[in-house]
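Below is one structure, written out as structure tokens, with a few remarks after it.
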Amino acid sequence: MNELRDVARWGTPAAAVTLSPDVRDLLGAALGVTGPRPAASTVTLPAVTLDETVLEDLRTACPALSTGDDGRLAHAAGKSTEDLLRLRAGQAGDAPDAVARPATQQQVTDLLAVCSRHRVAVVPFGGGTSVVGGLAARRDGFTGVLAVDLAALDRLVHLDPVSRIATFEAGIRAPRAEELLAAEGFTLGHFPQSFEYASLGGFAATRSSGQASSGYGRFDRMVVGLRAATPVGPLDTGRAPESAAGPDLRQLLLGSEGAFGVITEVTVRVRPAPRARDYTGWSFPSFDAGTHAVRALAQDGPLPTVLRLSDETETAINAATGGPQSGGCLAVVGVEGTAEEVAARTAALEHRLPALGGTPLGAAPGEAWREGRFRAPYLRDALLDAGAIAETLETATFWDRLPATYTAVRDALTRTLSGAGTPPLVMCHISHVYDSGASLYFTVAAAQTDDPVAQWRAAKAAAGDAIAASGATITHHHGVGRAHLPWYTREIGDVGVAALRGVKNALDPHGILNPGILLP
Ligand SMILES: Cc1cc2nc3c(=O)[nH]c(=O)nc-3n(C[C@H](O)[C@H](O)[C@H](O)COP(=O)(O)OP(=O)(O)OC[C@H]3O[C@@H](n4cnc5c(N)ncnc54)[C@H](O)[C@@H]3O)c2cc1C
């Protein structure tokens, strides 16, 4: 029996937030939330299925091996709302049988050899922040499941200030990587909302995109080289920034979600740490008008480092819970760099944005967003505690389809959750923009039914269908995991699945790596 307190939430209990009276009132008035639902306080883990011979072989490969309940529970799930709800209900059926914490890349290789020999499924575990069921490997056909937690592979291997590239071991958490780079005057500039816990290997394995993607790019564009351990040997990719030497094999590992190999090293390009910043808020009369403006910046510039546009509902909820009072739609525009760069780009934005329909709101909304930018997952815990469902989903599409996708997903979520007797609040923002399109990031809140997991699954499936029908991608940055698999396989088609299957068979002939994730 295990304490659930720590695993079924984000961060440590000490960092938990309490809901303000404004938010509590809103939950009751807008969503009909009536109060907390009972949560289990303990969970019983499934029995370990690996026998002593296998465990002994695993221990020889990697002495830091544990079958203890606490370790297994801590690796039983990621951090999607569904994961948290199931853990809160005392369900940890996906817990691995054992957890290995390799201290060297050789130990990872040795573990894969043992697992291939004994048919043990392997789940590479970075920061454990997956929101798509990426850590819940299929068990059937395997003697058991081993989580390979890469946290001890956390060194900065090499920093090349001339080329501005840095090689890290893949298990390093993002804050530690930034700390090591800051000491040398550099930054990676990758700040997803999961920044506090996620690892660089996880970012690469899921093609993550951070909040400052307009300025620094998405993570897969930062990667210049990757090293992975596969069951058939090491795969080293990236010996120059760009190359015409055949297809780019880095792309086989980026987004591979642990199904093709365990990424053990990541080489990324780094930038000089910004010395100045300017974050401001802007108001647009409508989401349409704001979308037109952010498209204009993405296509013709000037592009800030951070660019986010909330729709009317997100803006209103933000205002109702203490955010800036701006009718219409709030945009956050952040610029970072040297003092001269910031001054020049800010001046250019101040010139362009009013011409695009924007009204300046000053620094307060921009700074408030910056200070609170990692707070949402703590708030989600408090909402779950209070009896609400709160979850996010995302997609991306071309500019011309964006309005239709936006409407279709909102409608699907609203229809499904209202049909379950729990009319939701559906909010959306644009926070990753490109020349040709952008992502849409939806946040959904509703009262929990008696079966909140089934309730959310139905809503998420309806949203997935709407995304697919509108021609958008099932995920812009969360990845595929188990949760998006049916839509992903339809998105890439039979030939795409066969191509990935061919890669899988070549790199992982026994199929031990993350079975059921990325590929059916
Ligand atoms: C509150 C919250 C906010 C989030 N915000 C963002 C966001 O802003 N942007 C964004 O992109 N994502 C976001 N995510 C999703 C998640 O944080 C990212 O997918 C992240 O990249 C996962 O990193 P991780 O180290 O936690 O990986 P894990 O969750 O440990 O693993 C994710 C997947 O990658 C595999 N994997 C992990 N490490 C390796 C490795 N070294 N080699 C091979 N496979 C590996 C795992 O097996 C799993 O399938 C958010 C998640 C949460 C919970």
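Here, each number is a calculation from the coordinates, and none is a lab measurement. Keep in mind the model is a prediction, meaning the values are calculated, not measured. Because the Cβ atoms are built from the backbone with ideal geometry, glycine has one as well, and the counts that use them run over all protein chains shown.
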Q. When only C-alpha pairs under 8 Å and at least 6 residues apart count, what is the relative contact order of region 276-371, in percent?
A. 47
Q: Would you work out which of Ser163, Leu513, Gln251 lies farthest towards the positive end of the dipole of the chain? Charges go on Cβ: Lys and Arg +1, Asp and Glu -1.
A: Gln251
Q. Got a sec? Charge dipole of region 303-427, +1 on Cβ for Lys and Arg, -1 for Asp and Glu; which of Gly419, Gly387, Gly362 is way out at the positive end?
A. Gly419
Q: May I ask you to evaluate 6.51 cos²θ - 1.76 cosθ + 1.60, the Karplus curve with θ = phi - 60°, for each residue of region 262-274 and list the ³J(HN,Hα) values in order in whole Hz, giving x for glycine and proline?
A: 9, 5, 10, 9, 10, 9, 10, 7, 10, 10, x, 4, x
Q. Each residue of region 459-469 in order: what ³J(HN,Hα) in whole Hz does its phi give by Karplus 6.51 cos²θ - 1.76 cosθ + 1.60, θ = phi - 60°, with x for Gly and Pro?
A. 5, 5, 5, 5, 5, x, 5, 5, 4, 4, 5
Q: Quick one: which residues, 5+ away or cross-chain, put their amide H under 5 Å from the amide H of Val33? H built at 1.01 Å from N.
A: Gly28
Q | Length-normalised contact order of region 423-506 in % [C-alpha pairs under 8 Å, at least 6 apart] | A | 17
**Q.** Burial order of peptide ranges 409-416, 48-55, 231-238 (average beta-carbon count within 10 Å, highest first)
**A.** 409-416, 231-238, 48-55
Q. Stretched out fully, how many nm does the piece from Asp385 to Asp288 gain, at 0.36 nm a residue minus the Cα gap?
A. 31.4 nm
Q.
What's the magnitude of the charge dipole for region 156-272 around its Cα centre, counting Lys and Arg as +1 and Asp and Glu as -1 at the beta-carbon? Answer in Debye, nearest 20.
A. 200
Q | Normalised convex hull volume, region 234-367, alpha-carbon set, Å³ per residue | A | 181
Q) Any idea which of His432, Ala298, Gly334 is furthest toward the positive side of the dipole for the chain, if Lys and Arg beta-carbons carry +1 and Asp and Glu beta-carbons -1? A) Ala298
(Q) To the nearest 20 Debye, how big is the dipole of region 246-322 about its Cα centre, given +1 on the beta carbon of each Lys and Arg and -1 on that of each Asp and Glu? (A) 420
Q: Mind ranking 310-316, 100-106, 168-174 by how tightly packed they are, going by the mean number of other C-beta atoms within 10 angstrom, highest first?
A: 168-174, 310-316, 100-106
Q.
Let me understand region 364-511 better: what is its radius of gyration from the alpha carbons, and its Dmax, in angstrom?
A. 17.4, 55
Q | Three-way shape label, the chain, alpha-carbon gyration tensor, a/c 1.5 | A | oblate
(Q) Can you report the principal axis dimensions of region 438-503 using only the alpha carbons, biggest first, rounded to whole angstrom? (A) 44, 27, 19
**Q.** Segment Val503-Arg401, extension gain: residue separation times 0.36 nm, minus the distance between their alpha carbons
**A.** 33.5 nm
Q) How large is the charge dipole for region 276-371, taken about the Cα centre, if only the Cβ atoms of Lys, Arg (+1) and Asp, Glu (-1) carry charge, to the nearest 20 debye? A) 60
Q: Please list, in chain and number order, the residues 5+ apart from Gly437 or on another chain whose amide H is under 5 Å from its amide H, with Hs placed from the backbone.
A: Trp399
Q | FRET efficiency for Thr67 and Ile492, using Cβ-Cβ distance with R0 set to 30 Å, rounded to 0.05 | A | 0.20
Q) If one puts a single equal scatterer on every Cα of region 33-131 and applies the Debye formula without solvent, what log₁₀ I(q)/I(0) results at q = 0.14, 0.25 Å⁻¹? A) -0.58, -1.35
Q: Working from the alpha-carbon coordinates of region 156-272, get Rg over Rh, Rh being the Kirkwood radius.
A: 0.94
Q | Relative contact order (%) - the chain, alpha-carbon pairs under 8 angstrom, separation at least six | A | 17
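Could you give the length gained on full extension between Gln299 and Arg275, defined as 0.36 nm per residue of separation minus the Cα-Cα distance, in nm?
My answer for the length gained is 6.0 nm.
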Q: Work out, in µm²/s and without decimals, the Stokes-Einstein translational diffusion coefficient of region 295-370 at 20 °C, 1.002 mPa s, Rh from Kirkwood over C-alpha pairs.
A: 164
**Q.** Residue-averaged [θ]222 nm for the chain, counting only DSSP H segments that reach four residues, each worth -39500 (n - 2.57)
**A.** -11000 deg cm²/dmol
Q.
Would region 346-420 count as rounded, prolate or oblate if I go by the C-alpha gyration tensor, calling it rounded below 1.5 in a/c and otherwise prolate when a/b exceeds b/c, oblate otherwise?
A. oblate
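Can you put Met427, Met222 in order of Cβ neighbours within 10 angstrom, beginning with the fewest?
Ranking Met427, Met222 by Cβ neighbours within 10 Å, fewest first, gives Met427, Met222.
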